[in-house]
Amino acid sequence: MSPTNRTVVVTGIGATTPLGGDAASTWEGLVTGKSGVRPLEQEWAAEQAVRIAAQIAVEPTEVIPRPQARRLDRSAQFALIAAKEAWADAGFTDRAGEGENPAVDPDRLGAVIASGIGGVTTLLDQYDVLKEKGVRRVSPHTVPMLMPNSPSANVGLLVGARAGVHTPVSACASGAEAIGYAIEMIRTGRADVVIAGGTEAAIHPLPIAAFGNMMAMSKNNENPQAASRPYDTARDGFVMGEGSGIVVLESAEHAAARGARVYAEAVGQGISADAHDIVQPEPHGRGISAALRNLLANNELDPAEIVHVNAHATSTPAGDVAELKALRNVFGADVDHMAVSATKSMTGHLLGGAGGVETVASVLALYHRVAPPTINIDNLDPEADADIVRGEARKLPVDGHIVALNDSFGFGGHNVVLAFRSV
């Protein structure tokens, strides 16, 4: 009989983001309030209404051999880079089952890597090749490159995962849903170790034009680093980002048996759907409230323990406030001791990769007991009824166990809340 309700811990982290090419440089950028947003210098950007984005800090071809990179969509390149870092950070030196003393059984290892849009750059670029150069010039690698499950499949191949390789797709909640799925794989006994997270690479003329025409993105082209401004009265939309965040999750018993360093306990997830609109969030935060209540109902969690929230906060007028309303609705006065950080003010919005990167940030906030700041708040929205960390990073309580939440929401009304506890 499979064990159930096992304790799950985080033993490895990896990232490549607009703030840095690894988790350490990304964390340093977050705690120092660095913006990763800059002008788009590509030729196609000149005719766009939106000409800014949070582009990756280190190009994948500086890390991955070019022959390998040519066979991977950009989203899979990001995932592979972050996964390699997380795998090594967790103390694994070989693929599962390989080496003199294998640290993990491949049949007990899973991979869950999500993407909200998938291989959109490959799809659109290869369609251009088809139109301009003809059928014979289309890459034979196109289909395995554009598949939404390509990042997860390639990471699974990298580490030798055989317990299951999965790809949740729930728009901007995808990365968080992947990590929640991975927690459940371990908790219910399907796997001992799961490498999980999110990735996205959608800085391309079509997505930029589409989101711009939707009036969802900031058009502050003149001052890019101030464009992403959650909770500020002048916020006018999100800034698109790209990159990946990956964590290695493990049963506590498995981690202890191999003497692994533990960053935090992965407490669990709360999940719900708005059933309201394909794009707009439910304005009162009812769906988000349901996800928070689901988190509390299905996990051993005391609201008094929660001292930090990495908010979804994309810098849209409606979404930022709805999230805070939900927190207040569920937690009441306990919200007053929760330090709320909106890290998208620095990274931009990585869409399906956001939940992965923000999980890395949440785990490191607990590990270092520091909450990153929210930058670019000149005039705080009076409806922002919470303790927003502004200006500079803030120390979290140094004594006892503390909990951080990572909120992620997506088009279609997807709501995922993850909880992590210090160890």
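The values are calculated or read from the model by the stated rules, or taken from the named source; none is laboratory data. Note that the structure is a prediction, hence the values are computed from the model and not measured. Every residue, glycine among them, receives a Cβ derived from its backbone with ideal geometry; neighbour counts consider all protein chains shown. Surface accessibility is based on the protein's heavy atoms, side chains included, excluding ligands, DNA and RNA. Shrake-Rupley method; radii C 1.70, N 1.55, O 1.52, S 1.80 Å.
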message: Can you say whether Ala354 is within 26 Å of Gln280 (Cβ to Cβ), open to solvent by 10 Å² or more (accessible area, probe 1.4 Å) and not in a loop (DSSP other than H, G, I, E, B), as far as the supplied structure shows?
response: no
Selection from region 86-95 of residues that are at negative phi, open to solvent by 10 Å² or more (accessible area, probe 1.4 Å) and out of contact with any helix residue (DSSP H, G or I) (no Cβ under 8 Å at 6 or more places or on another chain): Ala88, Thr93, Asp94
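Confirm whether Leu327 is open to solvent by less than 10 Å² (accessible area, probe 1.4 Å), assigned to a helix (DSSP H, G or I) and either touching a residue at least 24 places away in the same chain (Cβ under 8 Å) or basic (Lys, Arg) (or both).
So Leu327 passes the test.
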- request: May I ask you to say which residue of Asn299, Asn379 is over 20 Å from the mean Cα position of the chain (by Cα), open to solvent by 30 Å² or more (accessible area, probe 1.4 Å) and of a type outside the set (Phe, Trp, Tyr)?
  value: Asn379
message: If Ala171 meets every condition in (1) at negative phi; (2) aliphatic (A, V, I, L, M); (3) surrounded by fewer than 24 Cβ atoms within 10 Å (Cβ to Cβ) apart from one, which number is that one?
response: (1)
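If you go through region 40-54 one residue at a time, how many are open to solvent by less than 60 Å² (accessible area, probe 1.4 Å) and farther than 30 Å from Glu392 by Cα? Can you show your working first?
Kept after step one, since they are open to solvent by less than 60 Å² (accessible area, probe 1.4 Å), are these residues of region 40-54: 40, 45, 48-50, 52-54.
From what's left, farther than 30 Å from Glu392 by Cα: 45, 48-49.
Number of matching residues: 3.
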- prompt: For region 382-413, which residues satisfy the criterion of being under 21 Å from the mean Cα position of the chain (by Cα), assigned to a loop (DSSP other than H, G, I, E, B) and farther than 19 Å from Asp336 by Cβ?
  reply: Ala393, Phe411, Gly412, Gly413
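A quick yes/no check of all residues on (1) more than 16 Å from Gly413 (Cβ to Cβ); (2) buried (at least 21 other Cβ atoms within 10 Å of the Cβ); (3) touching a Cys at 6+ places or on another chain (Cβ under 7 Å):
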| residue | (1), (2), (3) |
| --- | --- |
| Glu242 | yes, yes, no |
| Glu250 | yes, yes, no |
| His276 | no, no, no |
| Pro281 | no, yes, no |
task: Would you check if Thr61 is among the polar types (S, T, N, Q), at negative phi and outside any helix (DSSP H, G or I)?
output: no
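Does Lys344 qualify as being of a type in the set (D, E, K, R) and open to solvent by less than 10 Å² (accessible area, probe 1.4 Å)?
Working: of a type in the set (D, E, K, R): yes; open to solvent by less than 10 Å² (accessible area, probe 1.4 Å): yes.
Criteria met by Lys344.
Can you tell me which residue in region 205-231 is nearest to the chain's Cα centre (by Cα), limited to those that are part of a helix (DSSP H, G or I) and among the aliphatic types (A, V, I, L, M)? Even if it seems obvious, please write down each step before you answer.
At the first step, the residues of region 205-231 found to be part of a helix (DSSP H, G or I) are 205-213, 224-226.
This time we only want the ones that are among the aliphatic types (A, V, I, L, M), so: 206, 208-210, 226.
Details: Leu206: 22, Ile208: 20, Ala209: 23, Ala210: 22, Ala226: 21 Å.
Restricting to residues being part of a helix (DSSP H, G or I) and among the aliphatic types (A, V, I, L, M), the top hit is Ile208.
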query: Ala252 passes all but one of (1) more than 17 Å from the chain's Cα centre (by Cα); (2) over 30 Å from Ala24 (Cβ atoms); which number fails?
result: (2)
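For region 1-39, give me the residue count where each residue is among the hydrophobic types (A, V, I, L, M, F, W, C), open to solvent by 20 Å² or more (accessible area, probe 1.4 Å) and touching a strand residue (DSSP E or B) at 6+ places or on another chain (Cβ under 7 Å). Give the steps one after another, and end with the answer.
Step one: list which residues in region 1-39 are among the hydrophobic types (A, V, I, L, M, F, W, C), which gives 1, 8-10, 13, 15, 19, 23-24, 27, 30-31, 37.
Filter again for open to solvent by 20 Å² or more (accessible area, probe 1.4 Å), leaving 1, 24, 27, 31.
From what is left, the residues that are touching a strand residue (DSSP E or B) at 6+ places or on another chain (Cβ under 7 Å) are 31.
Residues in region 1-39 being among the hydrophobic types (A, V, I, L, M, F, W, C), open to solvent by 20 Å² or more (accessible area, probe 1.4 Å) and touching a strand residue (DSSP E or B) at 6+ places or on another chain (Cβ under 7 Å): 1 in total.
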- prompt: For region 96-131, how many residues are open to solvent by 30 Å² or more (accessible area, probe 1.4 Å) and in contact with a strand residue (DSSP E or B) (Cβ under 8 Å, 6 or more places away or on another chain)?
  reply: 2
field: Residue check, Val321 open to solvent by 10 Å² or more (accessible area, probe 1.4 Å), among the hydrophobic types (A, V, I, L, M, F, W, C) and touching a residue at least 12 places away in the same chain (Cβ under 8 Å)
entry: yes
Scope region 337-358; condition among the aliphatic types (A, V, I, L, M) and at positive phi; matching residues: Leu351
task: Being among the small types (Gly, Ala, Ser) and closer than 30 Å to Phe211 by Cα is the filter here, so list the residues in region 372-418 that pass it.
output: Ala384, Ala386, Gly391, Ser408, Gly410, Gly412, Gly413
field: Single condition Ser150 does not satisfy, out of (1) open to solvent by 40 Å² or more (accessible area, probe 1.4 Å); (2) in contact with an Asp or Glu (Cβ under 9 Å, 6 or more places away or on another chain); (3) not aliphatic (A, V, I, L, M)
entry: (1)
field: Total residues in region 173-196, condition under 14 Å from Ala266 (Cα atoms) and outside any loop (DSSP other than H, G, I, E, B)
entry: 16
